[in-house]
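K.L.:
Please find one structure pasted underneath; my questions will follow.
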Amino acid sequence: MKVSLKEVKLYNRIMKNLYYAKHLRLLINLLLICVVFASCHSYKAIELSDTEIQLNKKYKITTTKYQNKKMVVKDFNDSEILVEIDKKDEKIARSEIKEMKSRKFSYIKTFVVTPVTYMVSGVGLVFFALAVR
């Protein structure tokens, strides 16, 4: 069976396009992962002492009912904490709280990691576009 030059060129073009499509898919997935994980805030675990809890501040609280739910502390006393969850006030007993994390603004994530990620992704897309030509 003889293969014509035209068929060989077509096969090579298809294989080249599949190669580029595979790499483009990888690049897009990496970009999406970077976007999803690029956060300006980080959370640090804190003790449930009264000195560390501040009013009208966001916390991630894990209880028997909620798993890492973002809540705003409205009021607290020795036995329970009044929080706002999805625009509804709710009281949570301190004994039910498994873990409490304080929200902190991260300058490094915001002004270094996120812009560098977008620049590297943009450069990758430009090189990919030039390679496909």
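K.L.:
Suppose the filter is over 22 Å from the mean Cα position of the chain (by Cα), aliphatic (A, V, I, L, M) and not assigned by TED's automatic domain parsing to the domain that holds residue 131; does residue 10 pass it?
P.N.:
Criteria not met by residue 10.
K.L.:
Run residue 89 past the list (1) more than 25 Å from the chain's Cα centre (by Cα); (2) within 30 Å of residue 114 (Cβ to Cβ); (3) without any contact (Cβ under 8 Å) to a residue 40 or more places away in the chain and report the number of the one that doesn't hold.
P.N.:
Only one criterion in (1) more than 25 Å from the chain's Cα centre (by Cα); (2) within 30 Å of residue 114 (Cβ to Cβ); (3) without any contact (Cβ under 8 Å) to a residue 40 or more places away in the chain is unmet by residue 89, namely (2).
K.L.:
Here is a list: 39, 49. Which entry is part of a loop (DSSP other than H, G, I, E, B), of a type in the set (Gly, Ala, Ser) and surrounded by 10 or more Cβ atoms within 10 Å (Cβ to Cβ)?
P.N.:
The unique qualifying residue is 39.
K.L.:
Yes or no: the stretch 102-111 includes at least one residue that is modelled with pLDDT of 85 or more and farther than 30 Å from residue 17 by Cβ.
P.N.:
For the stretch 102-111, residues modelled with pLDDT of 85 or more and farther than 30 Å from residue 17 by Cβ: present.
K.L.:
Identify, by number, the condition in (1) in the same structural domain as residue 48 (by TED's automatic domain parsing); (2) loosely packed, with under 15 Cβ neighbours inside 10 Å; (3) out of contact with any Ser or Thr (no Cβ under 7 Å at 6 or more places or on another chain) that residue 123 doesn't meet.
P.N.:
Here residue 123 meets the rest and fails (1).
K.L.:
A follow-up question, please. Filter the stretch 17-36 down to residues that are closer than 13 Å to residue 128 by Cβ and surrounded by 11 or more Cβ atoms within 10 Å (Cβ to Cβ), then give me how many there are.
P.N.:
Count: 11.
K.L.:
So residue 104 clears everything in (1) surrounded by fewer than 13 Cβ atoms within 10 Å (Cβ to Cβ); (2) more than 23 Å from the chain's Cα centre (by Cα); (3) touching a residue at least 12 places away in the same chain (Cβ under 8 Å) except one condition, right? Which one?
P.N.:
In the conditions (1) surrounded by fewer than 13 Cβ atoms within 10 Å (Cβ to Cβ); (2) more than 23 Å from the chain's Cα centre (by Cα); (3) touching a residue at least 12 places away in the same chain (Cβ under 8 Å), residue 104 misses (2) alone.
K.L.:
Shifting gears a bit: Just the residues that are among the β-branched types (Val, Ile, Thr) and under 20 Å from the mean Cα position of the chain (by Cα), please, taken from the stretch 107-133.
P.N.:
Selection gives 108, 110, 112, 113, 114, 116, 117, 120.
K.L.:
Which one of these is assigned by TED's automatic domain parsing to the domain that holds residue 127 and of a type in the set (Lys, Arg): 57, 22, 101, 88?
P.N.:
Step by step, each of 57, 22, 101, 88 is checked, and only 22 is assigned by TED's automatic domain parsing to the domain that holds residue 127 and of a type in the set (Lys, Arg).
The values are calculated or read from the model by the stated rules, or taken from the named source; none is laboratory data. Everything numeric here is computed off the predicted structure, so don't read it as measured data. Neighbour counts are summed over all protein chains in view; Cβ atoms, including those assigned to glycine, are modelled from backbone coordinates with ideal geometry.
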